[in-house]
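Only the coordinates and a few stated rules stand behind these numbers; no lab work does. Since the model is a prediction, treat every value here as computed from it, not as a measurement. Positions of Cβ are backbone-derived with ideal geometry, glycine not excepted, and every protein chain shown enters the neighbour counts.
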Amino acid sequence: MAVIFEKTKGLTDAQTHYCPGCTHGIIHRLVAETLDELDVLGDAVGVAPVGCSVLAYNYYNCDMHEAAHGRAPAVATGIKRSLPNHTVFTYQGDGDLASIGTAEIVHAANRGENITVIFVNNTTYGMTGGQMAPTTLIGEKATTCQDGRDPSIHGYPIRISEMLSTLTGATYIERVRVDTPGEVRKAKKAIKKAFEVQQAGLGFSLVEVLSTCPTNWGLTPVDALQWLRDNMVPYYPVQNFKDIDLEAAKKEEK
C-alpha cells in the first residue's frame, strides 16, 4: 500500500509542551521535514533558545545545543566555523532574538555567517507570562503595559526582517505565517530555501514566522489566528525582503 502521509523522521516521539493552539508545533514540523528532505539530519546541529521553545532539543531528531538567552547566533557561529560541513540552525522567539539577543543576531547577519535562523514572532514573552516584547504592537496590552504599548513611552515595535535585510552580509530574509494551509506551504518553501542557501555556502539566512500565542493573548486558538491576520500582518507584512537566485549563484561559483 502506498504511503500518503507519515510522521517526519526529523522529529522525535516526545510530546511537546506547547499550549493548545500555539503554532510552534507547526513550525517545528516544517523545519524537521526540511532537514529530512534535504537529507541532512545526520549532520544537522540546532541551537535552542531561552523562551517557549527552550525544550526544542527534546523534539528535533538531530544534534541540538542549548544556548544562553539571546546567544544562539553566537553559539551557532562557533559550531559552524568549527564544523563547516554541518548544517547549523537556530530556532528563536522574539523575546530571545529581538531583545537580549539583538547584538548577536545583527552581527551574525552583518558578518554573513553561513547559518540559518528560524525566528518565531508572536509579539510577546510567552514563556514568562506575557510581558511586552520588542515586537509587541502599538496598543497591544501586555502584563508590563496594561494600557497597551505606547510608542511615546515604550518605543515602536521592531521589524527585524526589514532591519536585517539592509545588512550586506545577509543573503536571504523572508517573513511568512502559518495561519492557513496555504500559508503553511509557503512557509515550508521559504524555510527550505533558507537551508539551501546555507548548503550552497552563500551566507546568512533568516525566516521570520508570524505565530500565535492564544494563552497570553487571552484568545481561543481560532480567534488568535484571526487576530494575527487582522493585527500582525498589517504591521509585519508577509514578503521576501532579500533574495538570491540559487541556481545562478551556483553557476557563478563554478
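Computed values, structure above
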item: Entries of Lys80/Lys189; Lys7/Lys141; Lys188/Lys250; Lys80/Lys186; Lys141/Lys193; Lys141/Lys192 with Cα pairs more than 31 Å apart; result: Lys7/Lys141; Lys141/Lys193; Lys141/Lys192
item: Segment His154-Glu66, length gained on full extension (0.36 nm per residue, minus Cα span); result: 28.6 nm
item: Å³ per residue enclosed by the Cα convex hull of segment 128-251; result: 119 Å³
item: Given charges at Cβ of Lys, Arg, Asp, Glu: the chain dipole, positive-most of Asn240, Ala98, Ile118; result: Asn240
item: Relative compactness, segment 179-254, computed as alpha-carbon Rg over 2.2 N^0.38 Å; result: 1.41
item: Cα coordinate range in the chain, projected on the principal axes (Å, largest first); result: 56, 49, 32
item: Modelled label reach - Gln15, point 7 Å along Cα→Cβ, segment 202-227 residues with backbone N closer than 17 Å; result: none
item: Cα lying deepest toward the dipole's positive end in the chain, options Gln199, Tyr60, Pro151, charges on Cβ; result: Gln199
item: Percent of Cα pairs exceeding the 18 Å cut-off, where the set is segment 13-137; result: 49 percent
item: Point-to-point label distance, Asp223-Ala2, nm (Cα→Cβ direction, 7 Å offset); result: 4.3 nm
item: Loop-resident sites, segment 1-109, for chymotrypsin sites (Phe, Trp or Tyr not before Pro), counting at most 14 other Cβ within 10 Å (DSSP); result: Phe5
item: Segment 1-160, relative contact order [Cα under 8 Å, separation at least 6], %; result: 17 percent
item: Rounded if a/c under 1.5, otherwise prolate or oblate - segment 24-79, Cα gyration tensor axes; result: oblate
